[in-house]
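S.K.: Before anything else, here's the structure in question.
Readers should treat all values here as calculations from the given coordinates under stated rules, not as data from a laboratory. These figures come from a predicted structure and were not determined experimentally. No Cβ is skipped: glycine too gets one built from the backbone with ideal geometry, and neighbour counts run over all protein chains shown.
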Amino acid sequence: MIQLNLTKPIAFFDLETTGVNVASDRIVEISILKIHVDGTKEIKTRRVNPTIPIPKITSEIHGIYDSDVANEPTFKNIAKNLAEFLFDCDLAGYNSNKFDVPILVEEFMRAEVDFDLKNRRLVDVQNIFHQMEQRTLRAAYKFYCGKDIVNAHSAEADIEATYEVFLAQLKKYDGVEFEDKKGNKSFPIKNDIKALHDFTNLNKNADLAGRIVFNDKGEEVFNFGKHTGKSVEKVLKDEPSYYSWMMNGDFPLFTKKVLTDIKLRMAFNR
């Protein structure tokens, strides 16, 4: 089995939640596989009381019902210990950049626990898979590892499978050339977390939900609604009420934080 070339620990993690809305849904289970620089592993799995009902249709998918988490701690109760466990870790998962990382950050922000992403590299195993083969975790596990997942939709089974898929990808694509949509060729899959971070972060998001992105000039622009493609600074200058509309709207807390940071930067640079 390949040993990862690490400069600091990396935590593969998977969440089961009440739904898929980053701004309003909550974690009901988290499983983390932490790989240390020397290759040793730690795995922790914890169910969480989401403080809101779990929809029946969601429970039927992951098998976790309200009664299963009624006596579990809330995320706020475990947030500090969890942040300590993830201290100085890069983060990895399956579809983690679009879903797991944004929801985790929202939960930390609600709990008022600082969880800074600035010095963390994010590796999304699904993005490696989709770009190199273009398909679900179950299919990836069968394709790369030749096995079927036992207890699929269990966070621990899913994250163990994700880790095995990731190691198989490193082996399969070592030295394999990739050509992007613009015809640029490279050899992106290597045992290097920074290179994998760059390859799996397809969109240059300013926030985690992709509501604000960076354009080719490195400027923040809106990525939704009537102002799609427009400079955030210009919109806030020409239509100041748009800031209030977003701050009062159903947007993730982290998106609102990024928007506020831009507004404060504008005020400082006047």
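S.K.: What full-extension length gain, to one decimal in nm, is calculated for Asn77 and Lys41 as 0.36 nm per residue of separation minus the Cα-Cα distance?
M.R.: Working: separation 36, 0.36 × 36 = 12.96 nm, distance 2.47 nm.
Result: 10.5 nm gained on full extension.
S.K.: Next question. Let's see if you can work this out: charge +1 on each Lys and Arg Cβ, -1 on each Asp and Glu Cβ, no other charges. What is the dipole magnitude of the chain about its Cα centre, in debye to the nearest 20?
M.R.: Working: 38 positive and 41 negative charges, 154 e Å.
Approximately 740 debye in magnitude.
S.K.: Continuing with this model, one more query. Note down the magnitude of the dipole of region 212-268 about its Cα centre, charges +1 on Lys and Arg C-beta and -1 on Asp and Glu C-beta and zero elsewhere, to the nearest 20 debye. Mind dumping the intermediate values first?
M.R.: Numbers: 9 positive and 8 negative charges, 16 e Å.
About 80 debye.
S.K.: Which entries in Lys98/Lys237; Lys142/Lys194; Lys147/Lys185; Lys34/Lys80; Lys118/Lys217; Lys44/Lys76 show an alpha-carbon gap greater than 22 Å?
M.R.: Numbers: Lys98/Lys237 29 Å; Lys142/Lys194 27 Å; Lys147/Lys185 32 Å; Lys34/Lys80 17 Å; Lys118/Lys217 20 Å; Lys44/Lys76 17 Å.
Beyond 22 Å: Lys98/Lys237; Lys142/Lys194; Lys147/Lys185.
S.K.: In Å and from the alpha-carbon atoms only, list the Rg and Dmax of region 212-268.
M.R.: Looking at region 212-268, its Cα Rg and Dmax stand at 10.5, 29 Å.
S.K.: Give me the distance in nm between label points sitting 7 Å out from Cα along the Cα-to-Cβ direction at Glu84 and Asn184, one decimal.
M.R.: The modelled label-to-label distance comes out at 4.2 nm.
S.K.: Send over the Kirkwood Rh of the chain, from the inverse of the averaged 1/r over different Cα pairs, rounded to one decimal Å.
M.R.: Numbers: mean 1/r = 0.0501 Å⁻¹.
Hydrodynamic radius (Kirkwood, Cα pairs) of the chain is 20.0 Å.
S.K.: Note the full-extension length gain between Cys145 and Glu177 as 0.36 nm times their separation in residues minus their Cα-Cα distance, in nm to one decimal. Before the final figure, lay out the partial values.
M.R.: Values: separation 32, 0.36 × 32 = 11.52 nm, distance 2.13 nm.
Value of the extension gain: 9.4 nm.
S.K.: How much of the DSSP bridge set in region 10-200 is antiparallel, in percent, rounded to the nearest 5?
M.R.: Details: 17 of 24 bridges.
Restricted to region 10-200, the bridges split so that about 70 percent are antiparallel.
S.K.: From the residues Ile128, Asn205, Asn95, which one has its Cα farthest along the dipole of the chain in the positive direction, the dipole being from +1 and -1 charges on Cβ of Lys/Arg and Asp/Glu about the Cα centre?
M.R.: Asn205
S.K.: For Met266 and Lys237 in the same chain, what is the full-extension length gain: residue separation times 0.36 nm, less their Cα-Cα distance, in nm? Please report the intermediate quantities before stating the final value.
M.R.: Numbers: separation 29, 0.36 × 29 = 10.44 nm, distance 0.90 nm.
The Met266-Lys237 span can extend by a further 9.5 nm.
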